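Written below as structure tokens is the structure these notes are about.
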Amino acid sequence: MAAVTPDQLHGHHGPTGLMRWLTTTNHKDIGTMYMIFSFIMFLSGGVLALTIRAELFQPGLQVVQPEFFNQLTTMHGLIMVFGAIMPAFVGFANWMIPLMIGASDMAFARMNNWSFWLLPPAAILLIGSFFVPGGATAAGWTLYAPLSVQMGMGMDLAIFAIHIMGISSIMGAINIVVTVLNMRAPGMTLMKMPLFCWTWLITAYLLIAVMPVLAGAVTMILTDRHFGTSFFNAAGGGDPVMYQHIFWFFGHPEVYIMILPAFGIVSQIIPTFARKPLFGYASMVYATASIAILSFAVWAHHMFATGMPAAGQLFFMYATMLIAVPTGVKVFNWVATMWRGSLTFETPMLWATGFIFVFTMGGFTGLICAIAPIDIQVQDTYYVVAHFHYVLVAGSLFALFAGAYYWLPKWTGHMPNESLGKLHFWCSMVFFNITFFPMHFLGLAGMPRRIPDYALQFADFNALASVGAFGFGLSQLIFIVVVVKCIRGGERAAARSWESAEGLEWTVPSPAPHHTFEEAPVVR
Amino acid sequence: MNTRTADHLASANRRLLVRLAISAAVMFGFGFLLVPFYEKICEVTGINNFLRPEAEAGARAATNTQVDTSRTILVQFDANLHDLPWRFQPVQRSVNVHPGELVHIEYEVSNTRAEPITGQAVPSYGPQLAGQYFRKLDCFCFAQQTLAPGERRIMPVVFVVDPALPADVSTITLSYTFFELKGRKFAASGQGARS
Ligand code: HEM
Ligand SMILES: [Cu+2]
């Protein structure tokens with residue numbers, strides 16, 4: 001892909017200080033704010049997780065009371081999903097999509113500013129709910145009825161926070177769809193688009209389709225709580241299981257919302273460090289689209305234990321297994337891209353290969369959960385906890401780190417410190433597995449999730465997992481050091497910061513000037 | 001980019017924005033639509049009809065695998081009064097049941113006097129050994145019964161005959177005797193016997 005880029009080095013103009021950040025409509029500023037926000041939320045959610053692990057270090061109750069423990073697990077999930085992972089990907093989209101498709105900014109710059117600035121108030125509502133009478137909601141991140149219909153006012157705050165974050169996501173998604181569809185540089189056809197843009201385009205459609213359904217579900221909880229409706233209230237003729245159906249209609253596409261952009265990032269990085277074009281570009285696009293479409297037909301695999309008829313169980317079991325096929329295509333293509341490539345393992349590539357390895361393990365445990373008779377055994381045990389942390393931490397989060405190390409030169413103009421980056425990777429990788437691998441055994445042995453105390457035979461694996469968790473948490477501080485060092489200085493990054501990186505983003509100088517592609521480049 | 005194409009792009013963007021925003025609004029409505037939709041599915045397929053159990057009757061009903069259909073026991077019902085001015089009789093004289101089957105029968109009692117009276121029924125079985133195989137899940141004999149003047153009452157007995165009932169027993173007689181409790185209105189000080 002060759003491009004003609006007018007070299008523009010406009011500085012920033014307009015308000016300064018706090019007002020600059022409050023009023024900015026620049027996609028790079030907004031992308032940066034998204035990432036800082038999500039990293040702060042990542043650390044907050046991490047503190048909750050470490051409190052959970054401290055309590056679970058030994059059997060019995062030492063650190064927190066059961067009621068508070070339930071608030072911790074609930075808020076950890078909500079903060080990580082809606083505060084850390086999702087905004088981080090939106091931040092990447094804001095920064096990179098215009099640069100990758102040769103657009104000067106996002107389609108609706110003002111709306112972009114709103115999408116971001118809705119998030120901090122939502123986060124304040126969510127975290128503030130710890131301090132209201134009764135504390136934060138303790139119904140689990142899935143907010144199952146009837147518990148969520150009964151909780152105190154912390155639940156109402158969580159519902160409002162979800163509404164606000166949902167609106168923010170929908171606005172962000174609309175912006176991305178319009179930008180990708182209408183703002184591409186001349187010659188950049190859809191099938192020439194970098195895979196990160198493709199995965200985000202499809203993710204954005206998923207967001208527009210399912211975030212409103214979540215908003216509807218929590219609105220029903222709200223009206224059940226305060227306005228006398230009985231959607232989920234059995235005493236009034238409602239059905240609590242109905243909530244699970246509606247929630248997972250959102251929930252399963254949501255897990256793909258959190259992983260598809262990660263697939264995109266990895267698909268950018270692997271070819272760069274294998275020095276080969278991506279193997280099977282078109283099949284990657286089709287695989288992404290089929291994952292997205294299939295994700296609407298598998299929601300009840302989260303509900304195998306609710307007494308579904310056998311025909312339903314079989315349908316959802318096979319449909320779920322079907323999703324593993326396009327996912328497998330992707331893994332195959334990444335490996336085939338590396339096959340006989342001139343591989344080097346700089347930090348971004350380390351994270352990306354680590355991602356493939358560990359994410360695939362999470363995919364396999366997902367397949368095991370998808371087998372209805374097995375899932376009835378492991379549902380709501382630590383086995384499921386292990387599964388979704390393998391796909392979300394080692395999947396989404398590792399891909400985010402891979403992307404951050406990959407594009408930091410473009411963002412800051414300096415190369416990130418290689419040895420610290422590698423240390424960060426290896427510590428994360430080792431401690432991640434120490435934390436979550438034993439959870440497979442705990443789950444198979446029957447340890448239930450979301451319980452502050454456990455039977456004595458689970459003690460050793462739990463102690464091990466807690467040690468790993470603290471190691472993992474501390475390892476993340478290395479990332480702060482790397483980023484701060486990288487902003488302050490370091491080896492100057494060239495426009496094409498990695499030897500064989502392809503794409504329009506590498507044709508603009510590093511750091512990317514405030515305004516890029518004011519004059520659209522021509523892609524041949 | 002000249003202004004004409006810029007204007008063109010801006011209006012194309014706006015059109016797409018409106019369309020996507022409408023899709024989001026429609027999906028919000030769709031979330032609510034899922035409620036009647038799922039209800040309809042459950043109704044059509046007969047899943048989850050816990051509000052109308054009669055719809056589950058027939059082949060779809062959960063079958064009790066503990067029922068021993070190879071045997072039929074005749075259960076006869078008897079009612080006696082011990083010095084009590086009441087009328088007391090079973091609604092049905094006898095039923096044929098399979099061991100393991102859940103059976104629901106009723107007794108009728110009425111107070112012929114112009115004053116409230118408290119009584120308690122005590123069951124007995126013939127043959128006597130059948131008693132230990134006769135599992136009552138609910139019985140009016142579990143509690144004292146206070147009847148207002150002239151009151152008539154239908155009272156349930158829900159029971160299962162244990163499949164372990166010895167093979168030579170083919171008829172069981174369940175007999176209740178109502179005793180008046182001493183002190184009449186002071187039910188708490190009563191000495192009603194219980195089986
Ligand atoms: C091959 C692909 C996958 C399959 C077959 C699969 C299957 C499943 C199944 C059957 C469950 C329900 C387990 C239970 O509750 O008993 C589950 C739970 C879960 N999965 Fe996956 N999964 C896959 C990939 C993913 C990915 C990519 C993500 C996210 C990035 C993900 C996130 C989750 C989460 C968060 C839960 C737990 C939700 C909860 O109950 O709180 N899964 N998965
Ligand atoms: Cu799922």
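Any read-out appearing in this document is the output of simple, stated calculations on the displayed coordinates, not a laboratory observation. Everything numeric in this text was worked out from a predicted model, so none of it was measured. Glycine gets a Cβ as well: all are built from the backbone with ideal geometry, and neighbour counts include every protein chain shown.
How do A:Met106, A:Met284 line up, fewest other C-beta atoms within 10 Å first? Could you put the intermediate results ahead of the total?
Numbers: A:Met106 27, A:Met284 23.
Fewest to most other Cβ atoms nearby, the residues stand as A:Met284, A:Met106.
How much length, in nm to one decimal, is gained on full extension between B:Phe142 and B:Asp83, taken as 0.36 nm per residue of separation minus their Cα-Cα distance?
On the way: separation 59, 0.36 × 59 = 21.24 nm, distance 2.03 nm.
That works out to 19.2 nm of additional length.
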I'd like the Karplus ³J(HN,Hα) series for segment B:84-92: coefficients 6.51, -1.76, 1.60, θ = phi - 60°, whole numbers in Hz, and an x wherever there's a Gly or Pro. 10, x, 10, 10, 8, 7, x, 5, 10
So the FRET efficiency between A:Ala494 and A:Ala297, C-beta based with R0 = 41 Å and rounded to 0.05, is 0.30
Enumerate the residues in segment A:177-205 having an amide nitrogen under 17 Å from the point lying 7 Å beyond the Cα of A:Glu502 toward its Cβ. A:187-199
Projected label distance in nm at A:Arg524 and B:Arg71, using a 7 Å step from Cα toward the beta-carbon: 9.5
Residues of segment B:70-97 with the amide nitrogen closer than 16 Å to a label point 7 Å from the Cα of B:Glu151, along Cα-to-Cβ, please. B:85-88
Based only on other Cβ atoms within 10 Å, what is the fewest-to-most ordering of A:Cys486, B:Cys139? B:Cys139, A:Cys486
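Can you tell me the FRET efficiency between A:Val467 and A:Val335 if r is taken as the Cβ-Cβ distance and R0 is 35 Å, rounded to the nearest 0.05? Each step should come with its number before you reach the end.
Numbers: r = 32 Å, r/R0 = 0.93.
Computed FRET efficiency for A:Val467 and A:Val335: 0.60.
Which of B:Arg153, A:Arg184 comes first, and how do the rest follow, when ranked by fewest Cβ neighbours within 10 Å?
Values: B:Arg153 15, A:Arg184 21.
Placing the least packed residue first, the sequence is B:Arg153, A:Arg184.
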